[in-house]
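Notes follow the structure.
The values are calculated or read from the model by the stated rules, or taken from the named source; none is laboratory data. Worth saying up front: this structure is predicted, and the values here are computed from it rather than measured. Reconstructed Cβ throughout: ideal geometry from the backbone, glycine too, with neighbour counts over all protein chains shown. When the accessible area is computed, the model is the full protein with side chains, heavy atoms only, and any ligands, DNA or RNA have been set aside. Shrake-Rupley method; radii C 1.70, N 1.55, O 1.52, S 1.80 Å.
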Amino acid sequence: MKRMFFFCLLVISTTIQSTELPLEYFTKHGDYLDMKLSPDGKHIAARIRAKGRVSFVVLNTETLKTVGGVRPNEGDIIHTVEWINSERLVYQFAEKTTRYDTPIATGELFAVDYNGKRNAMLFGYRAIGTSTGTRINARDETNAAAEVISYLPDDDRWILIAEYPFNIEGNYFYNDKERPPRIVKLNVYNGKKRKAGSVPFKNASLFATDKGDVNFVSYTDENYVTKAAYRENEKEEWQDLSELLGSDMLPQAISNDGSRIYLTGKEGESKLTTMFEFELATKTLKPLFTGLETNIERFVWDDKQQRPVVGISYPNKHQYHYAEGTSKTASLQKSFAASFKGQEVYIQSESRDGNFFLLHVSSEVNPGEYYLFNNKTKGASFLWANRSWLDPRNLASTEHFTFNTADDLKIHAYVTMPTNLEEGSQAPFVTMIHGGPHGFRDYADFDSEVQLLANRGYAVVQVNFRGSGGYGQEFMQAGYLEWGGAMVNDILEGTKVAIEKFSLDSTKGCVYGASYGGYAAMMASIRAPEMFRCVIGYVGVYDLNYMFSESDTAEAFGGKAYLERVVGTDKAVLDANSPVNHADKIKAKVMIIHGEKDARVPVINAEAMVKKLTDAGNKPQYLNFSKSGHGVYDEEGRKTLYQALLDFLETNI
């Protein structure tokens, strides 16, 4: 372990350097994205981005030389890649279209040998027929998207998939999971299919054993409530899992033999999310990780014991929790955590014999590195780093703080100070608000926006207001019906606390956010018009009524019920909490950024806000991206966006 420890010290203990980095360092997408180890440990499949493509390559683990892979067309990306066995991989495409700047997953499945041979389409709307675009010209049974639910490790020729039928509108189709899936066995060499069953639930995710038994499912009902169902075997009727285990228990993984199911559920007065183990034979349920401050959000799986042995939560930065009992995987995780102290280390995959482990290491100043650990020699070899053009020594660290609101609710927040702040001086700041909002949160991990702002001399304040995810069900539900009320108040209180605790210049602040964050930024400038000199709304909601009449959220299965639950239906309240109706109260300078093809928050929101601000004598700077949806994906577009944003900040604070 000494070699690993030595390298880690080099990375995290070097003094921060104040260097203004090129804008494209932050606007470019990552280059080395993810890696997977083959079952025999002899090869690594890695997705990499270069020259507008996301390809995957296969490396020999001994020599690290490329031995195979797949390169898509320009603008397309390899969306996912997984090992089926030590010889063959399954992958999926996302394609660039003329209509959007974001590649869209096709739902098709392809397979190839590790050496690049026998590359074939297995499943999808182009697997049979002559169509090569989005227009339908194939047999009905292929008009579906696929998700692999079991790689059937004892069968090298077949995998088990869930087949989600497409909805059809005119000559185009899309997958929204509104129709129950079919269960299908798929041959990974010739694409032949065998029907293996079906489930009666819409919006369903299926869980299968290594033998292909599907006896657990989670699904979303018409009220946008996630539920789970269970059956003893395929001949029995499905029963609601809440009748057996109580509500809120959702399957996450299943043991190979199907004797144990692992679920997330709520525990304690704050209803924090943890992992539970349910033994089918004895009908016993027990939590795996206790004593939590915040939700368990990730877990490490012990392949030998077939159970989660490490849970990861994020009260400040990362925190590891270890399940009871002995586990070689858990012991290794403890060693890795000690060696990469201060960074989050996660076991990405391991070889079937346990001799090789693929590790992912990251932090707020480390966009992600991969190491190959040899369990025999106890040494780790550095493989490569994501965003390889960024030097961690030029990036800014993030500090955590908490405060109690006026109604005595504990709120977690972060401040990232600029890298070029002179001693004794105060930094201009940007309060950056996350989107979602429910179930989402900010973390002390790498964020290209945060690092760009810090590199340009701005402190960044991030508040995990009530309604955010990660802090228990009650905390999240405390934000329901409070989009423009208590949630915004938390953001304002957190900004005030940050000004008091850190070297921030209270007279030089801006508030910025995307999606819900764009909405909240406008509402913050309305609620506290003297706090911020400027406000930036990016793909923001500015009239809450449009969430029901224009957004695809309302059209989705259960979406209307969700909006009614979190936003409400009282038109007077919706109007009172819509920024378009308070444009005259905004004293700050305003920038509005939107995608013309945004379906989640349609551009009518931006157009209405621009008009109301202009009528009020506060004409905003407006950027419209003609091919972008809910966010700008194209790298040239991102460069244009963030240069304009930086210019706006420099002019106004």
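Converting phi to 3J(HN,Hα) with the Karplus coefficients 6.51, -1.76 and 1.60 and the offset θ = phi - 60°, region 390-405 yields 9, 9, x, 5, 9, 9, 9, 7, 10, 10, 9, 8, 10, 7, 9, 6 Hz in sequence order, with x at every glycine or proline. Take every DSSP beta bridge whose two residues both sit in the chain; close to 85 percent of them are antiparallel.
Once you order the gyration tensor axes a ≥ b ≥ c over the Cα atoms, which shape class does region 402-538 get: rounded for a/c under 1.5, otherwise prolate or oblate by comparing a/b with b/c? Mind showing how you got there, number by number?
Values: a/c = 1.61, a/b = 1.54, b/c = 1.05.
Verdict is prolate for region 402-538.
May I ask for the percentage of alpha-carbon pairs in the chain that lie more than 51 Å from each other? Of all Cα-Cα distances in the chain, 8 percent exceed 51 Å.
The portion of the accessible surface of region 538-621 made up by carbon and sulfur, rounded to a whole percent, is 50 (1.4 Å probe; DNA, RNA and ligands excluded). Taking every Cα-Cα distance in region 289-391 and sorting them into 5 Å bins starting at zero, the pair-distance distribution P(r) comes out as 2, 12, 23, 24, 20, 12, 6, 1, 0 percent. Can you give me the % of accessible surface on region 447-522 that is carbon or sulfur? Probe 1.4 Å, all protein chains present, nothing else counted. For region 447-522, the apolar C and S fraction of the accessible surface comes to 42 percent. Couplings 3J(HN,Hα) for region 510-525, derived from phi with the Karplus relation 6.51 cos²θ - 1.76 cosθ + 1.60 (θ = phi - 60°), are 9, 10, 9, x, 10, 6, 4, x, x, 4, 5, 4, 5, 5, 5, 6 Hz, where x marks Gly and Pro.
Only DSSP H runs of four or more residues enter the estimate; each adds -39500 (n - 2.57), and after division by the residues of the chain the mean residue ellipticity at 222 nm equals -5500 deg cm²/dmol. As a fraction of the 1.4 Å probe accessible area of region 346-437, surface on carbon and sulfur atoms comes out at 42 percent. In a fully extended conformation the segment linking Ser425 and Ala572 would gain 48.4 nm over its present Cα-Cα distance, using 0.36 nm per residue. The Cα-based radius of gyration and maximum Cα-Cα distance (Dmax) for region 430-488 are 12.7, 38 Å. Hey, quick one: spin label on Ser86, modelled 7 Å out along Cα-Cβ, who in region 354-371 has an amide N within reach, i.e. under 18 Å? Of the residues in region 354-371, 354-358 have backbone N under 18 Å from the label point off Ser86.
Proximity of backbone amide H atoms, modeled 1.01 Å from N, is registered between Arg298 and Ile312 at under 5 Å, excluding neighbours fewer than 5 places apart on the same chain. Averaged over its residues, the chain has an accessible area of 43 Å² per residue, based on protein heavy atoms and a 1.4 Å probe. Using only alpha-carbon positions, what ratio does the radius of gyration of region 544-592 give when scaled by 2.2 N^0.38 Å? The reported ratio for this selection is 1.35. For region 517-653, the square roots a ≥ b ≥ c of the C-alpha gyration tensor eigenvalues yield an a/c of 1.5 or more together with a/b not exceeding b/c, which makes the shape oblate.
In terms of its C-alpha gyration tensor, region 249-319 has an oblate overall shape, because the principal axis ratio a/c (a ≥ b ≥ c, square roots of the eigenvalues) is not below 1.5 and a/b does not outweigh b/c. Compared with the direct C-alpha span, the chain from Asp221 to Asn256 gains 9.8 nm at full extension, assuming 0.36 nm per residue. Near the amide H of Val430, within less than 5 Å, lie the amide hydrogens of Ala459, Val460, Val461, Cys510, all on another chain or at least 5 residues away, with H placed in the peptide plane.
Just how many % of Cα pairs in region 320-453 lie over 18 Å apart, if you round to the nearest whole percent? The share of Cα pairs beyond 18 Å in region 320-453 comes to 66 percent. Do any of Lys227/Lys328; Lys496/Lys619; Lys328/Lys378 go past 23 Å between their Cα atoms, and which? Beyond 23 Å: Lys227/Lys328; Lys496/Lys619.
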